[in-house]
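**Q** Okay, here's the structure, questions in a sec.
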Amino acid sequence: MRIKKNSTTNKKWLLGFIIGIVSGLVIGIAAGYYISSHNIAKKQPVPATTSSQRQVQSGGSNTSGSNLPQTSNSQQNTQQEQGSTSTQKLKTYKAYGRFVGGTDAHSIEVNLLNTNFDYKIFETDTADIQKYNLQPGMILELEFEVPQSGGNPKIINMSIPESVTLKGKYIGLADNNFAEFLFDQKHVVLQITAVSSKISYLDENTDVEVTFKTNPQDPNSNPVVTDIKVLK
């Protein structure tokens, strides 16, 4: 009887021991699961913030338009150059010349009396030809635009002066009534009948200031000198 009691006691003790171990394992597993879940929650990865997002967040209202399409510096420079080119005005010059005649409905031929340009054909409005009743040989005062790449200059202002005064050089007599002068590399022969006494003593290549006008008797004849001064 005593042996059976001890056997029963041993079995109960062993069963309690096993139950204790199992309970400890269950509690340990549960605790480990809880701790690991808690750590995972803490270590949950936060979405990375890009540099552009940080700039937007830190910039506030200053970068509110950062998501809009941006124009590069090269594009801006190109646009500025195109705008400045389109709005850039052509250079204008003034000169005197003698009307030769009309070449077509929108241009005339003029022999320039000064400046270094060698233009012959000038674009103009046909209304100007009719307005001034131009005749061959008449002296014109022109203001014109010089084209940037070929083509003929365009007259933007034209008038008929009563007289013209230019500085140049006295080249010499052609005969008793005519003399040759040089104005800006343009050789011009003028009628000097009215001032022959002032010219007779001049040396060649003398610097002079000459005033002349369209020949009143025949515009197509040489212009008439009305005054001449020696420049010192």
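Taken together, the values in this text are just the output of simple stated rules run on the coordinates, not laboratory data. Keep in mind that what you see is a predicted model, and the values were worked out from it rather than measured. Here the Cβ is made from the backbone with ideal geometry for all residues, glycine too, and neighbour counts use every protein chain on show.
**Q** Please list, ordered by residue number, the strands (runs of 3 or more DSSP E) wholly in the range 85-124 having 2 or more residues that are touching a Gly at 6+ places or on another chain (Cβ under 6 Å), touching a residue at least 12 places away in the same chain (Cβ under 8 Å) and closer than 22 Å to residue 181 by Cα.
**A** The qualifying strands (runs of 3 or more DSSP E) are 107-112.
**Q** May I pose another question? Condition test on residue 156, is it within 40 Å of the chain's Cα centre (by Cα), of a type in the set (A, V, I, L, M), part of a strand (DSSP E or B) and exposed (fewer than 15 other Cβ atoms within 10 Å of the Cβ)?
**A** Yes.
**Q** Which one of the conditions (1) in a loop (DSSP other than H, G, I, E, B); (2) closer than 14 Å to residue 113 by Cβ; (3) not hydrophobic (A, V, I, L, M, F, W, C) does residue 203 fail to meet, given that it meets all the rest?
**A** Status for residue 203: all satisfied but (2).
**Q** So how many residues does the range 139-160 have that are in contact with a helix residue (DSSP H, G or I) (Cβ under 9 Å, 6 or more places away or on another chain) and over 16 Å from residue 103 (Cβ atoms)?
**A** 2
**Q** Further question: From the set of residues in the range 183-232 that are aliphatic (A, V, I, L, M), within 25 Å of residue 109 (Cβ to Cβ) and surrounded by 15 or more Cβ atoms within 10 Å (Cβ to Cβ), which is nearest to the chain's Cα centre (by Cα)?
**A** My answer is 188.
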